[in-house]
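Worksheet: the structure to be examined is printed underneath.
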Amino acid sequence: MHRLIWLFFTPKRPVRRLLSGLVVGLVIGTVMALGLWQGNFLQTIRTSLQDQLYRANPRDTKGIVTIVAIDDASLRAYGRSTVEWDRTLHADLIRTLDEAGARVIVFDVLFADPTDQDAVLAAAMDESCRVVQPVAPSAGVVGVTEAHELIAYAGFDHPTATLEQTCAKRRSRVALGHVAVVPDDDGVVRRMPLFVAEGETRLPALSMAAYMNYSGALMNFVQLDLKNNEIDFGNPNLPTLYTDDFGRMLINFFGPPSHAGVAGSTFPVYSFTDVVEGRIDPAVFKDQIVLIGALDATALPDSYATPSVRSGEKMFGVEIHANAIETLYQSLPAFQKTAKLDLGLFSLSIKQTPLPLREQPLGQQVLITFLFAVIAGMVLPFVRWYVAIGLSLVAYGVYAFVWAANIAFPMKGLVVEIVFPAMSLSLTFVGILINIYVFEERRRGQINDLFSRYVSAEIAQKIVEQFDHGKLELGGEEREITILFADVRGFTTLSEGLAPTEVVTLLNVFLEEMSNIVMGYGGAINKYIGDNLMAFWNAPYLQDDHAWLATRAALDMLDSIQRLNDEQKFATPVRFGIGINTGPTVVGNVGSSKRLEYTPIGDSVNVASRLCGVAGGGTCYIGQRTYDLIKDRVTPVEVHNLMLKGKTEAVTVYELHVDSVVENTKKP
């Protein structure tokens, strides 16, 4: 169980992890929140990802919109442009649709230039009493608009006076609508300005005018509350519409572009020439909102990119109005119902909100983005990095693919911010990794420092390197090294006359002094054994002159001990005997799988220990191999042939004192 916990969690120093993770989360969350408040940061990426929601959640149309297409076939039959067409054709179309029982007839064709057929067309409009005509912005001039105000145009091109008067006769009906299509900065049309301003006049969109005629809404009762981003029709049977700060409604695009004669198109489309010449069953137009405009017309540049289009195909303006009308129609409370969401392991019943769509309020976006960062900052520091990746993917998957794609958009009509929560989560994860790395490096430095208090810094570094390379295991390598032992002479007698605390203080002073000297000459201190010190050279790292370094260290130690005694810091003088030997050993990790010690093993080590044992206070005994390596640098005081414990033959030993170093090799 303990191993399982450590496999997934990192419970060490929980307070420190919580606080550091919280700081990372707060910083990332604040930065991301500011990015959202800025508004346009990464806008193209954000909207393009939101576009995927339209494609993943297509809605069915309700069959109230039909399009009569001014297509290539119609242009070939009647002229290269509708300006060249005889307007009696449009009059014939109105009569045909009127007789078929069309409920609203909507022209996306502007009759701005007077012709001698206007009277015929006007008469057909008067007879029908259900025609909506377009007005178009003049030269695309757009007035400056503040938030919570309608988009203002400097002027519009209207139908001819004769044709517009037909609209004026019907005060109770909305007979004009603007056709201003305003793409976003990336050129994609996602919104429709439901109303725009022309001076003091409010002009509804062509789609809004068609919908109001279809539903019986009256212009005088429409209330625009742009402070709260709402439009109220003043009719309890009609919805309250959600808009942005400029009165624009998000259009729900119900499918890819439609085409005449193609079965399964998003909207039924019939060629203008087929309808006028009687090749289409009139029954298809009964109770329909019929839109007339350019579609599949190569020569007429009235097409735009939309969220529902994956390829480079564009959608003609008349079908954008059709999608807007369908969006408005499906906003009726009558379409509210309970939808069932099947998530595999369980299902949810959710009350489905009708269209139109609305963007997630900025406050919610900021809050969710901020909470993602803060919660991640509080949780991720306590799990392993691979668990953190898994948790992050699950959390974002639930948010983006369950909530945003399967609940918020199709059932609540809410277009959720997707990018910033992902960035918030990702950056928090990266920030925590960086923080943990810095922390672990600092912690590693602290451990090395602490470790080097128990073993030499060199040994500590070597062990850490072996651990990093996965080689921290029992065993070692054979190498010639120089070993030094130093021992207090008469320690038992010395300790009898002192209090235990005084003995420890005395040893600490002398061992501190000797340790500094050993490390100053590049030696690795292996261990302290009571009053005994063991050190070695040429391991764990190679040293060219290891025998001489050890000898110089030993003689400096004797000199330093004498100086401390002369200073009379302690009532009882302390004297050390030192033994040095050079020879082949096996140096490496010795012990068990649960406790290792980096140490040299071999007869050369035993000889060094025995030499220390027989060396008198204030003297240093060195073995034959050590002497051979440094004989031109020292002058022995005496040469001994000694029988050492464990040896069957006498060993030649060279006794050195403080002044045994040859003059030209002394330290300056």
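Summary table below
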quantity	calculated
Qualifying GluC sites (Glu not before Pro) in region 578-668, DSSP loop, other Cβ atoms within 10 Å at most 10	649
Cα gyration tensor shape of region 385-432, rounded if a/c is under 1.5, else prolate or oblate by comparing a/b with b/c	oblate
Three-way shape call for region 146-240 based on the alpha-carbon gyration tensor, with the a/c threshold at 1.5	oblate
Cα centroid separation, region 165-244 to region 551-604 (Å)	96
Amide proton proximity set for residue 152, modelled H, under 5 Å, gap of 5+	143, 197
Percent accessible area from carbon and sulfur atoms, region 555-668, protein chains only, probe 1.4 Å	48
Candidates per trypsin sites (Lys or Arg not before Pro) in region 544-610, loop by DSSP, up to 14 other Cβ within 10 Å	569, 594, 595
Listed pairs 527/645; 286/314; 569/631 exceeding 26 Å between Cα atoms	286/314; 569/631
Region 513-567 - convex hull of alpha carbons, volume per residue in Å³	66
Amide H within-cut-off set for residue 189, under 5 Å, with H built and near neighbours excluded	184, 305, 306
Gain on full stretching of the segment that runs from residue 77 to residue 148 - 0.36 nm per residue minus C-alpha separation	20.9 nm
Per residue accessible area in Å² of region 541-634, where ligands, DNA and RNA are left out and the probe is 1.4 Å	44
Inter-part distance where region 606-668 and region 357-383 are each reduced to a Cα centre, Å	74
Residue 631 accessible area, 1.4 Å probe, all protein chains in place, Å² to nearest 10	110
Per residue accessible area in Å² of region 252-321, where ligands, DNA and RNA are left out and the probe is 1.4 Å	41
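The values are calculated or read from the model by the stated rules, or taken from the named source; none is laboratory data. Keep in mind the model is a prediction, meaning the values are calculated, not measured. We place every Cβ from the backbone using ideal geometry, glycine too, and count neighbours over all the protein chains shown. Surface accessibility is based on the protein's heavy atoms, side chains included, excluding ligands, DNA and RNA. Shrake-Rupley method; radii C 1.70, N 1.55, O 1.52, S 1.80 Å.
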